[in-house]
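One structure is given here, and the rest of the page talks about it.
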Amino acid sequence: MKHEEDETVKGVIYRDADGNEVFQPAGMVILASFPLSNVRLLLLSEIGEPYDPESNTGVVGRNFSYQITGSMDLYFKDHQFNPFISAGGSGQVIDDFSPDTFDTEQHGFIGGSYIYTTQGPGGAIGALRTPPGTPQWGSEWKKQVREHYGHHMMLGTTGTNMSYRDVYLDLDPTYKDPHGDPLLRMTYDWKDNDLRMTEFMAARMREIVAQLQPDYHTESVKQRGDHFDPSSYQSTHLTGGAIMGTDPKTSVLNRYLQHWDAHNLFVMGASAFPQNMQHNPTGTVAALTYWSAQHIRERYLDNPGPLMSRS
Ligand SMILES: Cc1cc2nc3c(=O)[nH]c(=O)nc-3n(C[C@H](O)[C@H](O)[C@H](O)COP(=O)(O)OP(=O)(O)OC[C@H]3O[C@@H](n4cnc5c(N)ncnc54)[C@H](O)[C@@H]3O)c2cc1C
């Protein structure tokens, strides 16, 4: 809830267990509800001008970006990987194809991608791999699961995603939550740059596959002309929508994650990233949060007001 006269927010409104709206006054509000919810709550609260892709004006919802992924699954009949003794996040990364590490221009794209392999925990369902053409149930499926469990490794790529004028978040004109508030709408598709980069990275993965010489491998790699498919899991590293910047006409926040239009509102999270630069976001989210918290503690609390001038 925004106080128009002194450019501050007054607090938050929430619903209690009985469904009643409660106003909680606050001297300072920190919005940190995951990038998509940050954007939705800003839009629902009407704080900051919503982005309009037609006129290229407004700020809330712009610069939404994602990541583009690809993977290959390698089967080795004579090797046992023991996936059940692994920690979920353990793995290896090749960073030689990340942004600014090589000349991407000659390959027809900007950005970059890391290649990784993880030895995920051998969960009862997630770790089951069967060769193409295997039925999804019955004795043949059981036979293939027995023969293939622990004989697979994966290679994956996770790539950059630039922000584009026609990729954005706004409030859905049709769908609402049970309280009658609009849901968030994502307008998104892959661009040629993403698909060209993925093609290049798939070729790099195939070089590794050729060296490792599995008995066979399968590929899940996006092709030129493919469209974004929200029905399958790819990445939850969503960024942008309430970005930081130096110009209030193109950003929601200043570099201290402080809202340009309400100096006692700080918005933490990957919604502040202007582009998605491929690496997993949480380390940077934490670093920016510490950075913002330091400036709140050392500068803002004693002297509340904008930490950066608007000009
Ligand atoms: C399946 C999955 C795998 C991931 N793997 C990785 C990874 O390997 N590496 C990596 O770097 N990142 C990963 N991420 C991303 C990572 O989870 C996020 O970057 C990180 O959690 C963001 O931190 P946050 O504080 O911005 O949001 P969150 O951690 O999502 O915290 C937001 C909090 O706000 C609460 N909230 C939301 N709305 C409201 C509301 N209206 N009122 C009150 N509370 C609210 C939520 O319940 C939540 O507790 C993954 C995410 C998912 C979903």
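The values are calculated or read from the model by the stated rules, or taken from the named source; none is laboratory data. Remember, predicted model here, so these are calculated numbers, not experimental data. Don't worry about glycine lacking a Cβ; one is built from the backbone with ideal geometry, like all the others, and counts go over all protein chains shown. The protein model used for the area step is the full one, side chains on, heavy atoms only, and it has no ligands, DNA or RNA in it. Shrake-Rupley method; radii C 1.70, N 1.55, O 1.52, S 1.80 Å.
Details
- Restricting attention to the range 127-156, the residues being out of contact with any Phe, Trp or Tyr (no Cβ under 7 Å at 6 or more places or on another chain) and open to solvent by less than 20 Å² (accessible area, probe 1.4 Å) number 1.
- Residue match in the range 86-93 (condition: surrounded by 11 or more Cβ atoms within 10 Å (Cβ to Cβ) and either over 20 Å from M205 (Cα atoms) or more than 25 Å from the chain's Cα centre (by Cα) (or both)): yes
- All told, E207 meets the bar of being surrounded by fewer than 20 Cβ atoms within 10 Å (Cβ to Cβ) and over 23 Å from Q275 (Cα atoms).
- Residues that are of a type in the set (D, E, K, R) and in contact with a helix residue (DSSP H, G or I) (Cβ under 9 Å, 6 or more places away or on another chain), drawn from the range 157-183: D170, D181
- Selection count, the range 239-265, where residues are exposed (fewer than 15 other Cβ atoms within 10 Å of the Cβ) and touching a helix residue (DSSP H, G or I) at 6+ places or on another chain (Cβ under 8 Å): 0
- Condition met for I208 (among the aliphatic types (A, V, I, L, M), touching a residue at least 40 places away in the same chain (Cβ under 8 Å) and touching a helix residue (DSSP H, G or I) at 6+ places or on another chain (Cβ under 8 Å)): no
- Contacts under 6 angstrom Cβ, first residue in the range 16-27 being of a type outside the set (A, V, I, L, M, F, W, C), partner open to solvent by less than 70 Å² (accessible area, probe 1.4 Å), 6 or more apart: D16/V22; Q24/G11; Q24/V12; P25/G11
- Of all residues in the range 55-85, those that are of a type in the set (S, T, Y), in a loop (DSSP other than H, G, I, E, B) and either modelled with pLDDT under 95 or crowded, with 18+ Cβ neighbours inside 10 Å (or both) total 1.
- Only one of the listed residues (T284, T289, T236) is in contact (Cβ under 8 Å) with a residue 60 or more places away in the chain and either open to solvent by 20 Å² or more (accessible area, probe 1.4 Å) or not in a loop (DSSP other than H, G, I, E, B) (or both). That residue is T289.
- Number of positions in the range 28-54 that are surrounded by 11 or more Cβ atoms within 10 Å (Cβ to Cβ), without any contact (Cβ under 8 Å) to a residue 24 or more places away in the chain and either away from the ligand (no atom under 14 Å from the Cβ) or among the charged types (D, E, K, R) (or both): 2
- In the range 263-278, the qualifying residues are those that are near the ligand (Cβ under 8 Å from one of its atoms) and either assigned to a loop (DSSP other than H, G, I, E, B) or among the charged types (D, E, K, R) (or both), and the one that is farthest from P99 (Cα to Cα) is M268.
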